[in-house]
1. Taking the Cβ of residue A:281 as the centre, find all other residues whose Cβ is under 12 Å away and add up their charges (Lys, Arg: +1; Asp, Glu: -1).
2. When the Cα centres of the stretch B:198-221 and the stretch B:1-62 are compared, how far apart do they sit, in Å?
3. How would you classify the stretch A:110-188 from its alpha-carbon gyration tensor, with a ≥ b ≥ c the square roots of the eigenvalues: rounded for a/c under 1.5, else prolate if a/b is greater than b/c, otherwise oblate?
4. For the stretch B:181-330, what class follows from the C-alpha gyration tensor (a ≥ b ≥ c being the square roots of its eigenvalues): rounded when a/c is under 1.5, otherwise prolate if a/b is larger than b/c, else oblate?
5. Show me the trypsin sites (Lys or Arg not before Pro) within the stretch B:104-175 that DSSP assigns to loop and that have at most 15 other Cβ atoms within 10 Å of their Cβ.
6. Under a point-charge model restricted to the Cβ atoms of Lys and Arg (+1) and Asp and Glu (-1), what is the dipole moment magnitude of the protein assembly as shown relative to its Cα centre, in debye to the nearest 20?
7. On a straight-distance basis, which aspartates and glutamates could pair with residue A:196 in a cross-link, Cα separation under 17 angstrom, same-chain partners fewer than 8 positions away excluded?
8. Based on the Kirkwood radius over alpha-carbon pairs, what is the Stokes-Einstein translational diffusion coefficient of chain A at 4 °C with 1.567 mPa s viscosity, in µm²/s?
Amino acid sequence: MSDVANREDALALLREMVRVRRFEERCVELYSAARIRGFVHLYIGEEAVAVGVLAALTDDDDVVATYRDHGHALVRGVPATAIMAEMYGVQEGCSRGRGGSMHLFDVGHRFYGGNAIVAGGLPVAVGLALARKMQGRGGVVACFFGEGAMAEGEFHECMNLAALWSLPVLFCCENNLYAMGTALARSESETDLVLKATSYEMPAWPVDGMDVVTVRDATRRAVESIRAGGGPHFLELRTFRFRAHSMYDPERYRERAEVEEWKLRDPIATFVERFAFTADDLEELERTVADEVDAAVAFAEAGTPEPVEDLTRFVTSELGRT
Amino acid sequence: MSAEPVELTYRDAMREAMRDALRADERVFLMGEDVGRYGGCFAVSLGLLEEFGPERIRDTPLSESAFVGAGIGAALAGMRPIVEIMTVNFSLLALDQIMNNAATLLHMSGGQCNVPLVIRMTTGAGRQVAAQHSHSLEGWFAHIPGLRILVPATVEDARRMLAPALEDPDPVLIFEHAGLYNTTGRVAMGSDPFDITRAAVRRPGTDVTLLTYGGMLPVTLAAAERLAAEGTDAEVVDLRTLRPLDDETIIGAVRRTHRAVVIDEAWRSGSIAAEVSARIMEQAFYDLDAPVERVCGAEVPMPYAKHLEEAALPSVDAVVAAVNRTRARV
């Protein structure tokens, strides 16, 4: 189980990582061109985590993400068109332009949002899992959060509750070493994150988050155990954010050399090197991804702003409307 | 429950309402601190564990944020949770989930994620439990778009508000005043629809309108009785729903009597009393014969000592005095 099944499998994993990378590179351009505003948090460098974890889930499982959510939404199957339209703030967006970059939602894909309160998505994930258990539905809730969330009270409350009630939650800690600008050792008295999780009587292990196959294997192992009634599991996915925390971040808190060192472990470049894809394979892949991103931008550009008269819609449910 | 009126306490009424809901709908469950084995901090859920079992009457750890958020998640996934928070002061530990998720998810998701959740909590003073168990913060929650805020002040409302709250596709917060749990009343569970969107006129009157809610209703009714003996016929309106406010009933009453006094146990600044007063000014200014008066809780963390606590709360005397001030104006 520790490797790809075949060439198609490897190409599929690569394709997902490249989709996320190219989509976000385009987001940077569009932000500079002022087509996208607000906060935009890039996932570049961390792609192997979302791709590896989500590859081990089924369509019936639930996903809860953070404000750094473009990658998770794309890989989960939310159309690139709807995501880009959301960034444009038009009503064709996956959240009708009400959420923006940090709040991508698609209930049809069981994607319960980009949550922009650090650790704020964890209680919701616990509740989704509680419902699954009470309804006897099986399945898993994958909940992503950064290591910064582990200093929040909500994290500890949720680890305790999920373990106490043996709920089917996969806690996916994306440890990129910096909570915005605060290094792990400057925010945690105990920097061994797996130890924290195991103190809640929860199986937990560290994972090389720069290797998509390793991530998928670890997730498969955890998910298999959860599906068998093993209760919540915790993965510390060790990764690194290559870009700034948000769009304009002078990065005073880390050394250039550290970033460069991590870039040597680029999850896409190392994967390409390891599997020796043909030039034709790569060209074809890049071309189709570029087409997808182009189509997403064209879709968003053609999008229509929601009428201002609709400003107060969706504050409460519209019974009888869809 | 039969259609014949039955004598109940407010506490019994809330319990019977939950029992009905749990029997009627498999999706309904109750969770919170000590709701099961202990029977509820105020004995509201006493006996429900025995009838419905620990899956549906869930004792939680002391983790307000986690279990309120879990209620949100479970509601998103098709359950109909009733989450009990022991007191309103503790709800502040769950404010992130209530504000940033329960009230916000529907809008932020462009209409996809409605949250059919009911949160019940105890509110109010009068028991000498001091500054961390006695406040009336329902006005804070009434500030938040996306929430419905209900305040049952009578046994009938305690008995009948929960069912429509559970039918609401969006989050509903029910504030139960601790001082009301032992009050009694006769309630008939008729099949007539129960409207949680309307205020109620509890006492008709022609000279002045007294607007109040929750634990201040008995105080206000007592003041109205004293005023009647003194020759002033006061109308008493129970707001019942703090969000959305029932402007039609409020403004209609003021247009009849031309004078209004708002009685609110909470702090005056930025209170529901302030909001009601502003709406009267906006919508019925030229119907008024006197400025709107407010009788509110003193702006102080609630003290323990009995005489100080009493001094911090609106009293019958203070209500009567406020009415007499508005009556003195021509």
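Values in this text are rule-based calculations from the coordinates and carry no lab data. These numbers were taken from a predicted model, which means no experiment stands behind them. Heads up, the Cβs are rebuilt from the backbone with ideal geometry, glycines too, and the neighbour counts pull from every protein chain shown.
1. On the way: positive: A:7, A:15, A:287; negative: A:8, A:280, A:283, A:284, A:286.
Local net charge: -2.
2. If we compute the Cα centre of each part, the gap is 29 Å.
3. Taking the square roots of the gyration eigenvalues as a ≥ b ≥ c, the stretch A:110-188 is prolate.
4. rounded
5. Counting only loop positions with at most 15 other Cβ atoms within 10 Å, the trypsin sites (Lys or Arg not before Pro) in the stretch B:104-175 are B:127.
6. 1180
7. Reachable aspartates and glutamates: A:147, A:152, A:154, A:157, A:174, A:188, A:236.
8. Diffusion coefficient, whole number: 64 µm²/s.
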